[in-house]
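Comments concern the structure below.
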Amino acid sequence: MTSKYDYVTYAPLPAENAVVLPLYYHPNRHRHSYLRRCLYSVACVAILAFLVFLLYPADPTIQLSRIRLNHIRVNSSPGPTLDLSFSLTIKVQNRDFFSLSYDSLAVSVGYRGRELGLVRSKGGKVRARGRSYVNATLELDGLEIIHDAFYLIEDLTKGVIPFDTDTEVKGQLGLLFFEIPLKARVECEVYVNTNDQSVVRQDCYPA
């Protein structure tokens, strides 16, 4: 009995006719992956450097924003003495992103390299990236000027007396649970007109 379906048997291909293709890697795929890793690394380093720049504590800046000579008087009897009164306004600027607490602010006034007097103000607090103005008054009565009498007479003849001011502030920066000590100092040369008791010029620079 014959079937109506005929089965055809195919012989397998000879082994020498089989073709094996190697696994192909696209060269651009490796290049793109390498570039992405490099970009990620550069971005991480840039973000870390930016955070360090923001959080790294910087000393506050202080500036003698105003100085006013209230009065000046030279006494000749019984000896050459000097009466002085200064009103000062100091600006304290906090450049950090954390609040600054300062214990005190000290201002000294000198003449010809010799300190005449020192005044201290109470402590305070400056907000992050903020500024604060501190007022201080220095009173000097009966100051002996025997050693500088010659220079003082010469300056009085010119009508201008040069004074030196040295301002210093010390405080702490509140960084999370830590307190980092900070300090700033500025020195100024102040030239005062003896006729109208006004400040002619002042040159300030950080010390």
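General remarks:
- Scope region 111-154; condition under 21 Å from VAL200 (Cβ atoms) and over 37 Å from the mean Cα position of the chain (by Cα); matching residues: ILE145, ASP148, TYR151, LEU152, ILE153, GLU154
- One residue from LEU176, LEU138 being closer than 26 Å to GLN93 by Cβ, of a type outside the set (S, T, N, Q) and modelled with pLDDT of 80 or more: LEU138
- Test for SER104: is it in contact (Cβ under 8 Å) with a residue 60 or more places away in the chain, on the phi < 0 side of the Ramachandran plot, open to solvent by 40 Å² or more (accessible area, probe 1.4 Å) and assigned to a strand (DSSP E or B): no
- Residue under evaluation GLY174, criteria (1) over 17 Å from GLY113 (Cα atoms); (2) open to solvent by less than 60 Å² (accessible area, probe 1.4 Å); (3) not in a strand (DSSP E or B), criterion not met: (3)
- Within region 107-149, the set of residues being part of a strand (DSSP E or B) and open to solvent by 80 Å² or more (accessible area, probe 1.4 Å) comprises ARG114, GLU115, LEU118, ARG120, LYS125, ARG131, TYR133, ASN135, GLU139, ASP141, GLU144.
The values are calculated or read from the model by the stated rules, or taken from the named source; none is laboratory data. Just so it is clear, the model here is predicted, and its values are computed rather than measured. We place every Cβ from the backbone using ideal geometry, glycine too, and count neighbours over all the protein chains shown. Side chains are part of the model used for accessible areas, which takes the heavy atoms of the whole protein and leaves out ligands, DNA and RNA. Shrake-Rupley method; radii C 1.70, N 1.55, O 1.52, S 1.80 Å.
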